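Presented below is the structure to which this report refers.
No value in this document is a laboratory result; all are computed from the given coordinates. What you are looking at is a predicted structure, and each value in this text was computed from that prediction instead of being measured. Heads up, the Cβs are rebuilt from the backbone with ideal geometry, glycines too, and the neighbour counts pull from every protein chain shown.
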Amino acid sequence: MNQQNGMQLPKLPDADWAYTVLSDLKRVVREYATAATESTCPDVRSMFTDLMNSSLKMQGDLYNAMQSANMYDTSSPVLRQEIQKQIGTYTQTQQQTQQFIQQRMSGMNSGQAQPFMGQNQQQPQSPMYN
């Protein structure tokens, strides 16, 4: 046990330390991704992207070490069909996003402002009070 000011402190098991660091690395990766996404300066974006990639590598290395030492339980197996379904959904969303961006960019390049709402969608109405 560790001693501090004459008191004995319990020692935290290695698995708990590793899990704490892994959790922090996951949080840091999310924060770097947000910072890179929100940065407008290419140099700053590049810096945060590099930091995120470095943190992802550390996270992967720590995960592999924890798994080989039986410190990390993986989730239960998922059916390949469910994975393919999710990939299809994400691919469709990505294609719709790319189409949306291309439409907006072509409207900006031609000098025509295009509304963000589609033709068949109604603008939100303000509530009417009697």
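Annotations
- If R0 equals 35 Å, the separation of the Cβ atoms of residue 11 and residue 33 corresponds to a calculated FRET efficiency of about 0.55.
- Dipole size of the range 9-77 about its Cα centre, with +1 on Lys/Arg Cβ and -1 on Asp/Glu Cβ: approximately 40 debye, rounded to the nearest 20.
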